[in-house]
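Asks: For reference, the structure I am asking about is given below.
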């Protein structure tokens with residue numbers, strides 16, 4: 001029965017009416033009254049079963065599941081919020097918010113509230129974490145940013161404006177900032193245990209490496225890039241390549257100087273080479289051969305970064321992607337990668353680009369440091 005399944009779900013998630021959870025159980029559905037909503041959210045047996053299994057509500061008018069970050073319905077929306085405290089960057093501050101405190105302000109007629117996660121959020125998204133005791137407790141103690149009286153305004157637009165107001169004004173003096181936080185399904189936790197097993201196996205191997213006595217800067221850049229994420233990671237590994245632009249050019253000039261088939265005009269022309277793309281193209285072709293170029297292209301194609309298995313195409317797309325996250329001129333905004341914290345696909349795209357550029361950064365270090 002709908003009532004039995006729903007009550008069981010509510011009890012397992014630890015939701016109680018004292019948290020302000022407003023619902024009615026009918027013979028064939030459950031009616032839920034969300035804050036500021038004129039409409040009632042009605043869940044049938046199919047949707048109750050979906051929630052019980054950790055899936056999203058389906059085919060309910062005006063209900064939207066914002067992947068791994070929140071939900072919206074009618075005039076109400078709620079998203080997990082994550083805090084970053086720059087003075088203590090080594091610590092995680094996901095649950096920094098004081099449990100009983102509420103911060104409320106208005107953007108036009110929309111009310112913004114930051115407070116402890118609501119029972120509605122736990123109901124709609126809690127089963128992602130339910131089987132993971134530590135993570136589930138972390139979720140129930142987390143803070144969310146709640147939007148009330150949306151009146152047909154896109155909640156993601158309001159969230160971006162609210163975060164701007166918080167980051168540029170309210171939190172600025174505390175060196176504190178906020179962003180949307182994402183939660184991920186149970187499969188990610190399985191991947192963690194798989195990684196543990198792989199790590200245990202890897203640690204049994206003993207290796208010996210050569211001591212590097214010069215050009216330690218690119219190693220520092222590589223190590224730093226390995227610890228960050230998103231577009232910063234891509235740019236971090238790209239900086240390793242940039243480090244070697246001059247080295248590549250000087251080595252090439254030395255080779256040309258002793259090559260009698262190269263005319264003075266050609267040598268002068270190459271020495272005068274300028275521009276990011278020309279340097280990138282020259283460096284990448286210098287640190288790769290036919291075999292490694294094929295490997296890089298296959299990696300890029302399999303990750304859908306390029307459509308054509310061609311190294312020149314890959315270089316041009318790498319250059320374009322780099323420009324899209326470095327530049328943001330209004331006149332060329334259509335070529336700019338605007339960070340979108342609601343777009344999981346973009347987050348995955350950045351991971352894929354970072355994966356490929358990391359391989360190239362390592363190739364550059366291995367060639368020029370003679371590892």
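Asks: Return a yes/no flag: does region 339-352 have any residue that is over 23 Å from residue 245 (Cβ atoms) and over 20 Å from the mean Cα position of the chain (by Cα).
Replies: no
Asks: How many residues does region 51-76 contain that are in a loop (DSSP other than H, G, I, E, B) and over 14 Å from residue 32 (Cα atoms)?
Replies: Selection size over region 51-76: 9.
Asks: In this structure, is residue 294 assigned to a helix (DSSP H, G or I), assigned by TED's automatic domain parsing to the domain that holds residue 316, modelled with pLDDT of 65 or more and surrounded by 17 or more Cβ atoms within 10 Å (Cβ to Cβ)?
Replies: For residue 294, the condition - assigned to a helix (DSSP H, G or I), assigned by TED's automatic domain parsing to the domain that holds residue 316, modelled with pLDDT of 65 or more and surrounded by 17 or more Cβ atoms within 10 Å (Cβ to Cβ) - is not met.
Asks: For the list (1) within 30 Å of the chain's Cα centre (by Cα); (2) within 25 Å of residue 150 (Cβ to Cβ); (3) surrounded by 14 or more Cβ atoms within 10 Å (Cβ to Cβ); (4) modelled with pLDDT under 90, I need the number of the one condition that residue 93 fails.
Replies: Every listed condition holds for residue 93 apart from (2).
Asks: Any chance you could count how many residues in region 139-173 are more than 14 Å from residue 107 (Cβ to Cβ), loosely packed, with under 15 Cβ neighbours inside 10 Å and in contact (Cβ under 8 Å) with a residue 40 or more places away in the chain?
Replies: Selection size over region 139-173: 1.
Asks: For region 339-361, indicate whether the set of residues that are in contact (Cβ under 8 Å) with a residue 12 or more places away in the chain, touching a strand residue (DSSP E or B) at 6+ places or on another chain (Cβ under 7 Å) and over 26 Å from residue 214 (Cβ atoms) is non-empty.
Replies: yes
Asks: Are there any pairs with C-beta distances below 6 angstrom linking a residue in region 238-256 that is more than 16 Å from residue 278 (Cα to Cα) to a residue that is at pLDDT below 75 and assigned to a helix (DSSP H, G or I), with the two at least 6 apart or on different chains, and if so which?
Replies: Every condition considered, the pairs that remain are 256/267.
Asks: Additional query: Under the condition of being surrounded by fewer than 20 Cβ atoms within 10 Å (Cβ to Cβ) and at pLDDT below 90, which residue from region 67-76 is farthest from residue 118 (Cα to Cα)?
Replies: Of everything passing the filter in region 67-76, 67 is farthest from residue 118 (Cα to Cα).
Asks: Look at residue 335 and say whether it is at pLDDT below 90 and under 30 Å from residue 69 (Cβ atoms).
Replies: yes
Asks: Same structure, new question: Can you work out which of the residues in region 3-50 that are touching a residue at least 40 places away in the same chain (Cβ under 8 Å) and assigned to a loop (DSSP other than H, G, I, E, B) is nearest to residue 63 (Cα to Cα)?
Replies: 34
Asks: Among the listed residues 283, 277, 267, which satisfies the condition of being crowded, with 18+ Cβ neighbours inside 10 Å, in the same structural domain as residue 221 (by TED's automatic domain parsing) and modelled with pLDDT under 95?
Replies: Result of the check over 283, 277, 267: 283.
Asks: Then there's this: Of everything in region 311-338 that's assigned to a loop (DSSP other than H, G, I, E, B) and touching a helix residue (DSSP H, G or I) at 6+ places or on another chain (Cβ under 7 Å), which residue is surrounded by the fewest Cβ atoms within 10 Å (Cβ to Cβ)?
Replies: Of everything passing the filter in region 311-338, 336 is surrounded by the fewest Cβ atoms within 10 Å (Cβ to Cβ).
The values are calculated or read from the model by the stated rules, or taken from the named source; none is laboratory data. Nothing here was measured: the structure is a model prediction, and the numbers come from that model. Every residue, glycine as well, gets a Cβ built from its backbone with ideal geometry; the counts of neighbours run over all protein chains shown.
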